[in-house]
Amino acid sequence: MTGALRIVVVYPDLLGTYGDGGNGLILARRAQWRGVEAELTQAPSDAPLPGADIYCLGGGEDGPQVRASRSLMEDGVLARRVAEGAVVLAVCAGYQIVGKQFPGADGAVHEGVGLLDIATSKGAGPRAVGEVVAEATGVALPALTGFENHGGSTTLAPGAVPLAHVVKGTGNGDGTGTEGAVCGHVLGTYLHGPVLARNPALADLVLRWALDGATLAPLDDSAEDALRQERLAAARQARRRQSRRRQK
Ligand code: GLN
């Protein structure tokens, strides 16, 4: 990579419902704090997607999600940049969009950008809403924390590796107990938070991918660690309460 690290938040006008745009800001700051020049761009859906090193896609409602997927396919820049080595962090609706297909509000099947070998359908049970704890399996990371809010259930095909195994919450919701998916430098997850605020080690993994494996100087993450411990302890306690209630 030459020049500044280019980070693009994709279509915040369509995929901005859950605050996932914060992921772009976190990546830019964690790069800059280490002396790495970084440019953060909010890319609206009515303009061509700019070239970038990292693309962040967030969660959104069903209708805007369909529009976002269509625009990304017509535009073609995201798929081209990924083929050239760009990194993608895609959350919830964004995760479903970078897969092969997902349902619209009426349940009709819509085509995704196809960067991950996954397919999403309408989940059979109630909407998955709440705190999630998941142990990373697809990448080497400490336990992941975040919250989920989705109706879709995602199935992974052989071309995608699960990101994590769910300890509390639903995640992919396809009965495998998995959460998220990874293929090369495209990472999808159901976790909001923003997920990189809750999981600074994941932010640094995304940065290392974009910086060709560069070693990153450690940062003072004590505030983030305190938040993580609080959320992990609360979620684990809720899970224990839940399983005690089930045993009664
Ligand atoms: N519309 C999608 C679903 O409900 C994504 C929701 C989201 O982005 N939080 O499955």
How about the stretch 22-54: which of its residues are of a type in the set (K, R) and either open to solvent by 60 Å² or more (accessible area, probe 1.4 Å) or at pLDDT below 95 (or both)?
-> R29
Does the stretch 80-113 hold any residues that are under 19 Å from A43 (Cα atoms) and surrounded by fewer than 16 Cβ atoms within 10 Å (Cβ to Cβ), and which are they?
-> R80
Sort out which residues of the stretch 17-56 are under 13 Å from the mean Cα position of the chain (by Cα) and assigned to a loop (DSSP other than H, G, I, E, B), and write them in order of number.
-> Y18, G19, D20, G21
Pull up the stretch 1-54, narrow it to residues that are among the hydroxyl-bearing types (S, T, Y) and within 16 Å of the ligand (Cβ to nearest atom), then point me to the one that is nearest to N199 (Cα to Cα).
-> Y18
May I ask you to list the residues in the stretch 1-16 that are open to solvent by less than 30 Å² (accessible area, probe 1.4 Å) and either over 15 Å from A86 (Cβ atoms) or in a loop (DSSP other than H, G, I, E, B) (or both)?
-> A4, Y11, L14, L15
Is at least one residue of the stretch 198-208 within 25 Å of R29 (Cα to Cα) and small (G, A, S)?
-> yes
Regarding R127, is this residue on the phi < 0 side of the Ramachandran plot, exposed (fewer than 14 other Cβ atoms within 10 Å of the Cβ) and within 13 Å of the ligand (Cβ to nearest atom)?
-> yes
Okay, strands (runs of 3 or more DSSP E) sitting entirely in the stretch 66-131 with 2 or more residues that are of a type in the set (G, A, S), I get 118-122
Out of G16, G104, G85, G21, which single residue is closer than 18 Å to L187 by Cβ and in contact with a Gly (Cβ under 8 Å, 6 or more places away or on another chain)?
-> G21
Top-ranked residue of the stretch 55-79 - restricted to ones that are within 15 Å of the ligand (Cβ to nearest atom) and among the acidic types (D, E), ranked as surrounded by the fewest Cβ atoms within 10 Å (Cβ to Cβ) = E61
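The values are calculated or read from the model by the stated rules, or taken from the named source; none is laboratory data. Here the structure is a predicted model, which means the values were calculated and not measured. Quick reminder, even Gly has a Cβ in these numbers, built from the backbone with ideal geometry, and neighbours come from all protein chains shown. For the accessible areas, the whole protein counts, side chains as well, though only heavy atoms, and no ligand, DNA or RNA atoms are used. Shrake-Rupley method; radii C 1.70, N 1.55, O 1.52, S 1.80 Å.
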